[in-house]
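Enquirer: I have a structure here, written as structure tokens, and I will follow up with some questions on it.
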Amino acid sequence: MRPGFTPHFLPFLFIALLAASCAPSAPARGTTASGEQAPPAAVPNRTLTIAARNEPSSLAGKPLLQANVGLYTAKNLFNASLAVQDDRGLPVPRLAEAIPRLNTESWRLFPDGRMETTWKLKPNLAWHDGTPLVAEDFVFGWRVYAQPQLGISGFPPIPQIDEIVAVDDRTVLIRWLRPYPQADALTPDEFDPLPRHILEPLFRQEQWEAIANHPYWNREFVGLGPYRLGSWEPGSSIEATAFDRYSMGKPNIERIRILYVADPNTAIAQVMAGEVQLVQEGTIEFEQAGDLKQGWASNQRGKVMFHANQWKATRFELRPELATPKALLDVRVRRALAHAVDKQGLNDALYNGEGLVAESVIPPMMYYFPAVDAATVKYRFDVRQTERLMNEAGFARGTDGVYVSPADGRFNVELKTHPGPGNDRETASVASGWRDAGFEVQEVMLGRAQAQDQQLRATFPGLYHNSQGIGETAIYDHVSTAIPSPENRWIGGNRGGWISPEYDRLAEVLSGTLNREERGQHVAQMTRIFTDEIPSINMFFTYHHWAWVSALDGPREAAPNVSVAWNVHEWRWTQ
């Protein structure tokens, strides 16, 4: 990949690189200054400082309150569950000794469609505060997440689970109501044990608000991951130390500091100055990553990686009580707006043609992509189609070129987004194209604190442009039970409130289909419905840009929707 070249940042970059290249060089490894042989020096176990753009509201793998704005690395630092997805996207054990295997005693499928999976925990596991982890903590976690009052009981895999039983302290038996394909991949964001010794007294008293707002979820977090929380300075940084009782062994790097840096150029300046050694997902944008990659190309002082793991779209508000203008409820108007977006032109202008244009939520690297692509309704850039569809919906362009109708008046819509890689430029470009095509558009950029407000992000009046999970994660994000509301504490990916009974039915079928070929067929049918009714305009499969110094060994490319930090306990300093 050859990222875009942005001259505005290069003067600083070249000065920084020149200063680094002119610094006094150390003697070659294994020799003294006089040329004599010397014993190899120990690699210092210094603090790894990570630049992050957003501060989490929770450190939990499966929190009750969280907007999930680019927080994958933090979750991997502090959490562990039965399994994790490796760089290939395959489940590997973490707290468990092994992954259940279908048609064995560890994963049994019964004639009536029910299932059982059995997980054996590793011995001597403990929470970060030293309390032993036992199977009952998994039972308790399920009981908490299954409580309707806490808002996430409708999200997989909770509805698919009949019960969880602690056979003994180290054996977790999960009884499933029906087949669940990801039953062998219970990662922290899928299903997390919860500490009974902290939350159970409140649970017994049914103090739901007290549980949801307990400091356990953030400032007093006690987890099971490779690092335990040391200190948290709101708006500034989080300090973490290696957990010596982690299930995979004590991490190689002793201390990690997450530093919150809102400005991408500042993050680059800090990594060039040696104040930061790694820039995580969602922190820098395409321009800064391209400049840094080009600047480091000659001296090998660091690495830059483009990790595709997000689906970016512009969502329509489809709840009648919120939709403004009401014309958004007309599928012809939504299709007209989609035809007025020149996605390839945006890709060329903003990303030098290096981006990956999306026609659905399924990326080309998925094994069933050909079937999905054939079923996808595509909206090519064509303002003639836009005009035809708007005319059919009762709109015509007025004397000032803006669409107007006798019933709905002047077409005027608000386009919202929040701070994130490319969001501001993309919304500006999309809005400009829509204005040229005859739509009046107001752009609104939320602040960083607002971007963490679940209710605010779920009650936009017109359109919302942002990223969500890729592939099947996005498929399930659009079922009707994923519509945010006061009843589920505004949690859910279906922020536009789209409802399709047939899509819901197929999602239910998909959630119980274990055969890979049949899964692809169901996804293709769901994609056809989604792109035909168009609750969102598919835009891009976006990259998270990573950068780290050469002295850090460990980060590497990972499959879409897999965190690069999945193996953070293995990372180490090489010099």
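Enquirer: Determine the distance separating the Cα centre of the range 314-393 from the Cα centre of the range 241-289; give it in Å without decimals.
Expert: What the calculation gives is 36 Å, centre to centre.
Enquirer: Only four residue types carry charge here, +1 at the Cβ of Lys and Arg and -1 at the Cβ of Asp and Glu. Report the dipole size of the range 83-196 about the Cα centre in Debye, rounded to the nearest 20.
Expert: Numbers: 12 positive and 17 negative charges, 36 e Å.
It works out to roughly 180 debye.
Enquirer: Shape of the chain from its Cα gyration tensor (a ≥ b ≥ c, root eigenvalues): rounded if a/c is under 1.5, otherwise prolate when a/b > b/c, or oblate? Don't jump to the answer; show the numbers that get you there.
Expert: Numbers: a/c = 1.87, a/b = 1.15, b/c = 1.63.
Oblate, since a/c reaches 1.5 and b/c is not below a/b.
Enquirer: Rank 421, 118, 297 by how far each Cα sits towards the positive end of the charge dipole of the chain (+1 on Lys, Arg Cβ; -1 on Asp, Glu Cβ) and give me just the farthest.
Expert: Among 421, 118, 297, the one farthest towards the positive end of the dipole of the chain is 297.
Enquirer: Work out the charge dipole of the chain with +1 on the Cβ of Lys and Arg and -1 on the Cβ of Asp and Glu about the Cα centre, then indicate which of 157, 231, 389 is farthest towards its positive end.
Expert: The residue sitting most towards the positive pole is 231.
Enquirer: Quick one: which of 137-145, 535-543 comes out on top by average Cβ neighbours within 10 Å, and what's the full order, highest first? Could the numbers behind the result be given before it?
Expert: Numbers: 137-145: 21.6, 535-543: 24.3.
Per-residue Cβ counts within 10 Å, averaged per peptide and sorted highest first, yield 535-543, 137-145.
Enquirer: Another question, if that's okay. Arranged from highest to lowest average of other beta-carbon atoms within 10 Å per residue, in what order do the peptides 146-153, 185-192, 199-206, 273-280 appear? Could you put the intermediate results ahead of the total?
Expert: On the way: 146-153: 16.6, 185-192: 23.1, 199-206: 13.8, 273-280: 20.9.
By packing density, highest mean first, the sequence is 185-192, 273-280, 146-153, 199-206.
Enquirer: Add -39500 (n - 2.57) for each DSSP H run of 4 or more in the chain, then divide by its residues: what number comes out at 222 nm, to the nearest 500 deg cm²/dmol?
Expert: Working: 17 runs with 158 residues, N = 575.
It lands at -8000 deg cm²/dmol.
Enquirer: May I pose another question? Mind checking the dipole of the chain: about its Cα centre, +1 per Lys or Arg Cβ, -1 per Asp or Glu Cβ, Debye to the nearest 20?
Expert: Details: 55 positive and 66 negative charges, 122 e Å.
It works out to roughly 580 debye.
Enquirer: Work from the charge dipole of the chain (Cβ charges, +1 for Lys and Arg, -1 for Asp and Glu, about the Cα centre) and give the residue of 147, 103, 324 farthest towards its positive end.
Expert: Value: 103.
Enquirer: Below 8 Å between Cα atoms, with a sequence gap of 6+, how large is the relative contact order for the chain in percent?
Expert: Working: 1198 pairs, mean separation 119.9, N = 575.
Relative contact order of the chain: 21 percent.
Enquirer: Please label the shape of the range 309-543 as rounded, prolate or oblate, based on the square roots a ≥ b ≥ c of the eigenvalues of the alpha-carbon gyration tensor (a/c under 1.5 means rounded; beyond that, a/b larger than b/c means prolate, else oblate). Could you put the intermediate results ahead of the total?
Expert: Values: a/c = 1.44, a/b = 1.35, b/c = 1.06.
Cα axes put the range 309-543 in the rounded bin.
Enquirer: Same structure, new question: Using the Cα centre of the range 477-575 as the reference point, and only Cβ charges (+1 on K/R, -1 on D/E), how large is the resulting charge dipole? Debye, rounded to the nearest 20.
Expert: Details: 8 positive and 12 negative charges, 51 e Å.
For the range 477-575, the charge dipole is close to 240 debye.
Enquirer: Quickly rank 93-100, 175-182 as a protection proxy: mean count of other C-beta atoms within 10 Å, highest first. If you can, show how the numbers build up before the last one.
Expert: Details: 93-100: 20.2, 175-182: 17.5.
Put in order of decreasing packing, that is 93-100, 175-182.
Enquirer: Using the beta-carbon distance between residue 575 and residue 168 and R0 = 41 Å, what value does 1/(1 + (r/R0)^6) give for FRET efficiency, to the nearest 0.05? Display every interim value, and only then the final one.
Expert: Working: r = 47 Å, r/R0 = 1.14.
Calculated value: 0.30.
Enquirer: Could you derive backbone 3J(HN,Hα) for the range 225-233 from the dihedral phi with the Karplus parameters 6.51, -1.76 and 1.60 (θ = phi - 60°), listing whole Hz in sequence and x where the residue is Gly or Pro?
Expert: Along the range 225-233, the couplings run x, x, 10, 10, 5, x, 8, 9, 9 Hz.
Enquirer: Tell me whether the range 443-575 comes out rounded, prolate or oblate; compute the Cα gyration tensor, take square roots of the eigenvalues as a ≥ b ≥ c, and use a/c under 1.5 as the rounded threshold.
Expert: On the way: a/c = 2.30, a/b = 1.37, b/c = 1.68.
Cα axes put the range 443-575 in the oblate bin.
Enquirer: For the range 531-575 and the range 396-466, what is the centre-to-centre distance using only Cα atoms, to the nearest Å?
Expert: 29
Taken together, the values in this text are just the output of simple stated rules run on the coordinates, not laboratory data. What you see is a predicted model, and the numbers here were worked out from it, not measured in a lab. All Cβ positions, even for glycine, are placed from backbone atoms using ideal geometry, and neighbour counts span all protein chains on display.
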